[in-house]
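Written out below as structure tokens is the structure these notes cover.
The values are calculated or read from the model by the stated rules, or taken from the named source; none is laboratory data. All of these numbers come straight from a predicted model, not from anything done at the bench. Every residue, glycine as well, gets a Cβ built from its backbone with ideal geometry; the counts of neighbours run over all protein chains shown.
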Amino acid sequence: MALDLSNTLVVGISATALFDLGEADKLFREQLKVDAETAVVEYRQYMLARENELLLDGTGMPLVKALLELNQFQGDQKSESPLVEVVVMSRNSPETGVRVFNTIRALDLKISRHAFTGGESVADYIEAFDVDLFLTTNIDDAQKVMDAGKCAVALLKEPPKEVEQLPSDQVRIAFDGDAVLFDESSELLYKSKGLDEFQQSEDMQQHVPMLKGPYASFLQKLAKLQSRLPFGVEMSPVRLAIVTARSAPAEMRVINTLRHWGVYVNEVFFLGGLNKAAILKAFKPHIFFDDQDLHIDNASKVVPAGKVPYKTDSPLNKVK
């Protein structure tokens, strides 16, 4: 009988997002400029020679550790599906992936499912593993998953050079609003028509719920996770925040949309053009998701961060 994961939050993460494989990746890319076959051979030899050397944490590690800790609250309800499931999805071959397996074991990460595809894209296996969120450093995989619309996806930035200690007893996740949680129509209006017309439109439509963006289903899955925990939403160890450039009078449409979706968010910050990095540094999320390079580049200097790509045919790709 197949395991039902409909009530489980499933995170798929590439090995390069979970661990720091920058040196190996750099070697592969440099050799690839010379010859593809040589690049594969050199990479394989490099990984085999170091398979007993533990890897350092990647950008996605803080989130994975924090999420897996939530399974402690499942108690003795072993007949139910787990609260959280993590799947490592890697373009490594099973042989070159031994170093990844060894590090997972050494860190005692409760990860039992893997997909090692030997150079092929992992995007085709997202649906098979019931993934709700896919974190990767491979732009081609990220774009393929986004275009397919199977789950939320982010292209992770490098880990911040210096970051304050993140909460160990909570999971903190921060989201941008437009083109992330909400559909891209409002952001497109702002970029094409300007701030005044955007604010006027949002104020007039404050009671009209926005359409779902690429992260709406993931947010709702987090809400389902909160409902399975032995806490009320106010005291839940899963703490959610929206950090948006919106300001009054465009704020009420956000609140009313969340109410319409039946989702509880702990904190909302309407910044009106202020630097998001300062707020995020204070909130201390295990990860922050945004669609714009300016915001994500600044944020990634202080907190783990991932860029949400647009679909290939999105008009936002043509508007600055």
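Side notes on the structure shown:
- Number of residues in the range 122-164 that are part of a strand (DSSP E or B) and hydrophobic (A, V, I, L, M, F, W, C) equals 8.
- Given (1) assigned to a loop (DSSP other than H, G, I, E, B); (2) in contact with a Lys or Arg (Cβ under 6 Å, 6 or more places away or on another chain), index of the condition E95 fails: (2)
- Reported count of residues in the range 17-37, each being more than 16 Å from S93 (Cα to Cα) and either at pLDDT below 85 or not assigned by TED's automatic domain parsing to the domain that holds V86 (or both), is 11.
- All of S93, S79, S14 fail the test of being surrounded by fewer than 16 Cβ atoms within 10 Å (Cβ to Cβ) and either in contact with an Asp or Glu (Cβ under 8 Å, 6 or more places away or on another chain) or at pLDDT below 90 (or both), apart from S79.
- When the range 224-241 is filtered for residues that are surrounded by fewer than 17 Cβ atoms within 10 Å (Cβ to Cβ), outside any loop (DSSP other than H, G, I, E, B) and of a type in the set (G, A, S), only S227 remains.
- Scanning the range 201-215 for residues that are touching a residue at least 12 places away in the same chain (Cβ under 8 Å) and in a helix (DSSP H, G or I) yields S201, E202, D203.
Residues are listed down the side, and each one gets a yes or a no for (1) crowded, with 19+ Cβ neighbours inside 10 Å; (2) over 15 Å from V180 (Cα atoms):
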position: R259; (1), (2): no, yes
position: F288; (1), (2): yes, no
position: H295; (1), (2): yes, no
position: S300; (1), (2): yes, yes
position: V303; (1), (2): yes, yes
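- Here D132, D57, D108 are screened, and the one residue that is of a type in the set (D, E), in contact with a strand residue (DSSP E or B) (Cβ under 8 Å, 6 or more places away or on another chain) and surrounded by fewer than 17 Cβ atoms within 10 Å (Cβ to Cβ) is D57.
To keep it simple, each residue is scored yes or no on (1) under 19 Å from F289 (Cα atoms); (2) out of contact with any Phe, Trp or Tyr (no Cβ under 6 Å at 6 or more places or on another chain).
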site	(1), (2)
M204	no, yes
G213	yes, no
F218	yes, yes
S227	no, yes
S236	no, yes
R239	yes, yes
A245	yes, yes
R253	no, yes
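- Count of residues meeting criterion [buried (at least 17 other Cβ atoms within 10 Å of the Cβ) and either farther than 25 Å from P315 by Cβ or not aliphatic (A, V, I, L, M) (or both)] in the range 135-149: 7
- Being under 26 Å from D169 (Cα atoms) and in contact with a helix residue (DSSP H, G or I) (Cβ under 6 Å, 6 or more places away or on another chain) is a property that holds for V84.
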